[in-house]
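One structure is given below, encoded as structure tokens.
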Amino acid sequence: MARRALEIAAAGGHNLLMVGPPGAGKSMLAQRLPPILPPLNPRELLDVSMIQSIAGELAGGALSDRRPFRAPHHSASMAALVGGGLKVRPGEVSMAHNGVLFLDELPEFAPAVLDSLRQPLESGETVIARANARVTFPARFQLIAAMNPCKCGLAGTPGHTCKRGDACAADYQGRVSGPFLDRIDLRVDVPAVTAADMIGPATAESSADVAARVRAARDIQRERYLAAGHPFSPMRLHPQR
Ligand SMILES: [Zn+2]
């Protein structure tokens, strides 16, 4: 079901939250997203390359049409995430422009840092204000977040009872604010992998097969948008709220 959710997120450009115990494969799933997304078009490639260049991360001048995948650690500062610093440079949200921003252990991020993501999530750009200047960087990314269901990590796992009872999950999930969660379209539970899963028949499809379905879904959306007279953005398909 988690893989299906990831495919739907890829097709619709939806933000996604995965909730499950450690070792359930949440990070692995997130990393599977860029290969199933359509490649960057030339315009997007130009934007991504310019941002990488400003950040000094254009390794050897090599360009790739693979969508960016950024996974900042939960100890990241606000400046590291949304941009800033003495010599203003783009943050992770801009490095993830036209690609994927993966936030693992979502409740472990500082609340102020998560709040600072609301502007780019809403407007697709980040504005860094200085005494004598304002710098705007593009930051239209797809957010994939993952979290444990509770502090000890095992709430909801069959046979497990948290020491602190229901408060373990309620307190932990309460660390992420409602307005932030409102920006996330899909939420899926990712249960622990069981021994039965390990010995069951392999159902793994190649990324190319999934990517083909994602591309077909986006083609349908493009036609629908154009027919309705709406501009079509391949990164985020649904209109901005
Ligand atoms: Zn717990």
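Laid out as a table, the results:
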item	result
Restricting region 181-195 to residues that are outside any loop (DSSP other than H, G, I, E, B) and not basic (Lys, Arg), the residue that is nearest to the ligand (Cβ to nearest atom)	ASP189
Total residues in region 84-113, condition more than 17 Å from the chain's Cα centre (by Cα) and not hydrophobic (A, V, I, L, M, F, W, C)	6
Residue match in region 20-42 (condition: among the charged types (D, E, K, R) and out of contact with any strand residue (DSSP E or B) (no Cβ under 9 Å at 6 or more places or on another chain))	yes
Helices (runs of 4 or more DSSP H) fully within region 1-110 counting 3 or more residues that are more than 28 Å from LEU181 (Cβ to Cβ)	42-54
Residue that is farthest from the ligand (Cβ to nearest atom), among those in region 124-180 that are assigned to a loop (DSSP other than H, G, I, E, B), within 21 Å of PRO191 (Cα to Cα) and hydrophobic (A, V, I, L, M, F, W, C)	VAL176
Cβ pairs under 9 Å, 6+ apart, first in region 137-154 and in contact (Cβ under 8 Å) with a residue 40 or more places away in the chain and farther than 30 Å from ILE51 by Cβ, second within 16 Å of the ligand (Cβ to nearest atom) and part of a strand (DSSP E or B)	ASN148/VAL19; PRO149/VAL19; PRO149/ASP189
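Values quoted throughout were computed directly from the atomic coordinates according to the rules given, and no laboratory measurement underlies them. The structure presented is a predicted model; accordingly, all values stated were derived computationally and were not measured. We place every Cβ from the backbone using ideal geometry, glycine too, and count neighbours over all the protein chains shown.
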